[in-house]
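Working notes, beginning with the structure itself.
The values are calculated or read from the model by the stated rules, or taken from the named source; none is laboratory data. Computed from a predicted model, the values in this text were never measured in an experiment. So basically every Cβ, Gly included, is an ideal-geometry build from the backbone, and we count neighbours across all protein chains shown.
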Amino acid sequence: MKVLIADKFEKEGIDGLKKLGCEVICNPEMKDEKLVAGLKELAPQVLVVRSTKVNGAMIKASPSLKLIVRAGSGVDNIEVPAATVAGVAVANCPGMNSVAVAELTFAFMLGLDRRLVHNTVDLRNSVWNKKEYSKARGLKGRTMGIVGLGQIGVEIAKRAKAFDMHLIYSDVITNEKAEKEYGIRKVAQDELFKTADFISLHVPLNEKTKHMIGAAQLAMMKPTTVLINCSRGGVVDEQALAAAVNSGKLGGAGLDVFETEPGANDTTFADPVIRCDRVYGTHHIGASTDQAQLAVAEETVRIVEEYTKTGQVRNQVNNR
Amino acid sequence: MKIVVADRIDKEGIRKLQDLGCEVNYKADLEGEELVRAVAEVGCQILLVRDTPVTAAVMQASKELSLIICVGEEYDNIDLQAASEESVFVANCPNQTAAAAAELTMGLMLALDRRIPDHVAWLREGRWARRELSKSRGLKGRTLGVIGTGLVSQLVVKRARAFEMNIIGWGPRLTTEKANELNMIRLDLPEEVAATCDILTVHLPYLPDTEQFIGSNIFEEMKAGSYFINTSRAEVVDFKALAKAVVEKGLRVALDSFPQQPLEAMERFDHPIVKLDGVVYGTHHIAELTEQAKQAAAEEAAAIIKEFLATGHVRNCVNISRGRVPHSAMVVRLRNRPGVLAKVLTVLAKYNINVREMENVMCDGERSASAQIRLDSKVDPAVLRELQTVDPENILGVTLTHPGF
Ligand SMILES: NC(=O)c1ccc[n+]([C@@H]2O[C@H](COP(=O)([O-])OP(=O)(O)OC[C@H]3O[C@@H](n4cnc5c(N)ncnc54)[C@H](O)[C@@H]3O)[C@@H](O)[C@H]2O)c1
């Protein structure tokens, strides 16, 4: 089996594929026209990509191609219908970054409760202000509200339990397994907004969840509540959020995602929400840890292994 | 009972004190001379503080002052020697603030890994720097090293385990069995912990033996680029050696306290370590300070006072002499009448025998009692004979339970 990796990829993943007996060619520079040529020339059976675009022309260029693995969760960079027409399976590695996102969520919760950024900035500016920073509330005994108890939500529940928090969630489904394991209780969405001290959003972005948090929902929250969004930018109405934090109706917010995010090559960011004193932001790095990348690499190896041994495609997103 | 509260203490705790029937005088912002005056004016029996300095002058300001409670773990703001000299008990509220300290430790660990302060600062400057700031290791699967294995440390371990970290540790009293119980692996030396872990967190009390305990011996062992967190006292860390490690091996560091740091109020404070080129974050000695912790500590303070009022016993007392043991001890059985105990003490005084500790326990029926007396010197047969014969109607019997040497 010949595997072409047209992106940067973990050494552990490359080694794992070689161990399966695959011939592995790794070329992160192979993009666009070069990838069309590469696929024609090398004729691999498996193509692995991370963010490299895969279009119909590329898929057609390699008649031997049987499987495209997206080393990550979303498959937006792959023209899936073209693959389907060509009889090429497309698989992804979903859920491998759940832990990384859960960790970032806790970084926000603890960071906002203790105002860790303000603490550090003051110290760097030679200001000591213990009195100001002794106003944290703490996590123990507080209520953690998880909106969307999917793969990420469950990882959060597990950690919140170790912090001795009360756990509630709202979702369109009922997760009995998590309820049993973590003592988390399902409540109506509005009740969650009204009672939780920390609210974390982990729903997909779709018509139903677009601006799921707007002025009306923010008004239900307690003035001490901390809201975290590490899902997708559109889930929260940023203007309403900025107004709520600035007027003291919300304790603070942590945002990893924004309604309009800069592209890969942009170097500036002008979203006003980030300048609110009680908003902490990060650069859409929820999935960016070595641990998550390694988990994706391992899952990629598992997909190829199963395919070589059984012909079955794990996590296939298209039907041939 | 009159109480002066000289620091910001949780309201619920204060209400509990009022429920006990105490008069609470809330003087949260007083320090120095002003505190001396306030204590004198109120004439309080009990003083509650968190980190306000309590000097000999404060203690002498109220003749009736008999108990000082530090509403937190630390009590080195109290002049303990003066307190003991004036026979004022000092108590603290240990363990109540451990969860808060563990939370800060985890918060700093995650902040270091994701570089949260740098993200926020850059975004606020209008910069988008995803590529530079997206290199994190994640906590899952990493090895956390803990030095010191008290309650804070144990609560950190509990949380770190939920983050699926591997945990190794060393503590002066940590046994292999205890380590197993805590789901961690014990190593023989703190240096071994430093050399093996990806993240090192220190939870040592500040004692003469732990001063600058974490020095170049530890930092030299640590892996390049690993993380170091100290939410215990600054005094346990050698800051010069730490700064060297930040510069030379790119250690990422988070610190909750600093040498010569100011008290509560806002003032200028310069510590070069937070200005080093690298990832060094700091907080303002706030490990113990969350509402949850303050509430738990205030409740503990109220419980100490309740017990003190009921029994005179001071829970968590930190200035009881523990160095010496009594030389001898006796049990005296006596009639429950005024002046009988005084007769016993007069005999002891006549022979120059000092009473160290004593307790009088009433028997059923209230007709007689039993006094347990611990003494500082040997009891000669002559003393016993005199006690047995001085008032046989009221002093029913004397038994030497610990005859001495
Ligand atoms: N910040 C990042 O870098 C990053 C990384 C990975 C994932 N994400 C995002 O996080 C989100 C959650 O990911 P996941 O892996 O946990 O997904 P998941 O599919 O496992 O879980 C989503 C949960 O949301 C629930 N849900 C769907 N619609 C809902 C609604 N209208 N109301 C309430 N609940 C609803 C689902 O039933 C499910 O339980 C996704 O939006 C994903 O794109 C962000």
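At least 1 residues being facing chain A (nearest Cβ under 8 Å) is the threshold, and among the helices (runs of 4 or more DSSP H) wholly inside segment B:79-144 those reaching it are B:98-114, B:116-124, B:130-133.
Residues that are within 14 Å of chain A (Cβ to nearest Cβ), touching a helix residue (DSSP H, G or I) at 6+ places or on another chain (Cβ under 7 Å) and not in a loop (DSSP other than H, G, I, E, B) within segment B:1-25 comprise just one, B:Glu12. Residues in segment A:110-134 that are surrounded by fewer than 24 Cβ atoms within 10 Å (Cβ to Cβ) and more than 8 Å from every other protein chain (Cβ to nearest Cβ): A:Arg115, A:His118, A:Asn125.
When B:Leu67, B:Leu30, B:Leu35 are checked against the criterion of being assigned by TED's automatic domain parsing to the domain that holds B:Glu86 and touching a residue at least 40 places away in the same chain (Cβ under 8 Å), B:Leu67 stands alone in meeting it. Determine if segment A:147-166 includes at least one residue that is away from chain B (no Cβ under 14 Å), on the phi > 0 side of the Ramachandran plot, surrounded by fewer than 18 Cβ atoms within 10 Å (Cβ to Cβ) and within 13 Å of the ligand (Cβ to nearest atom). Checked against the condition, which is being away from chain B (no Cβ under 14 Å), on the phi > 0 side of the Ramachandran plot, surrounded by fewer than 18 Cβ atoms within 10 Å (Cβ to Cβ) and within 13 Å of the ligand (Cβ to nearest atom), segment A:147-166 yields no hits at all. The single condition among (1) surrounded by fewer than 21 Cβ atoms within 10 Å (Cβ to Cβ); (2) at pLDDT 95 or above that A:Ala57 does not meet is (2). Note on segment B:145-166: residues that are facing chain A (nearest Cβ under 7 Å) and modelled with pLDDT under 95 amount to 0.
Summed over segment A:167-180, residues that are more than 8 Å from the ligand (Cβ to nearest atom) and away from chain B (no Cβ under 13 Å) total 8. Working only within segment B:237-295, note down all residues that are closer than 22 Å to B:Gly107 by Cα and in a strand (DSSP E or B). B:Val237, B:Arg252, B:Val253, B:Ala254, B:Leu255, B:Val280, B:Tyr281, B:Gly282, B:Thr290 - these are the residues of segment B:237-295 that are closer than 22 Å to B:Gly107 by Cα and in a strand (DSSP E or B). When A:Thr84 is tested against (1) away from the ligand (no atom under 12 Å from the Cβ); (2) surrounded by fewer than 22 Cβ atoms within 10 Å (Cβ to Cβ); (3) outside any helix (DSSP H, G or I); (4) not acidic (Asp, Glu), only condition (3) is not met.
The set of residues in segment A:97-112 that are β-branched (Val, Ile, Thr) and near the ligand (Cβ under 7 Å from one of its atoms) contains only A:Val101.
Evaluating A:Arg232 against the criteria (1) more than 10 Å from the ligand (Cβ to nearest atom); (2) among the charged types (D, E, K, R); (3) under 19 Å from the mean Cα position of the chain (by Cα) leaves one unmet condition, (1). Under the condition of being surrounded by 23 or more Cβ atoms within 10 Å (Cβ to Cβ) and not in a loop (DSSP other than H, G, I, E, B), which residue from segment A:137-146 is farthest from the ligand (Cβ to nearest atom)? Applying the filter and picking the extreme gives A:Met144. Residues of segment A:285-318 that are within 16 Å of the ligand (Cβ to nearest atom), assigned to a helix (DSSP H, G or I) and touching a residue at least 12 places away in the same chain (Cβ under 8 Å): A:Gln291, A:Ala292, A:Gln293, A:Leu294, A:Ala295, A:Val296, A:Glu299. A count restricted to segment B:169-178 and to residues that are outside any loop (DSSP other than H, G, I, E, B) and either in contact (Cβ under 8 Å) with a residue 60 or more places away in the chain or surrounded by fewer than 20 Cβ atoms within 10 Å (Cβ to Cβ) (or both) stands at 3. A:His202 meets each of the listed conditions (1) touching a residue at least 60 places away in the same chain (Cβ under 8 Å); (2) within 15 Å of the ligand (Cβ to nearest atom); (3) more than 23 Å from the chain's Cα centre (by Cα) apart from (3).
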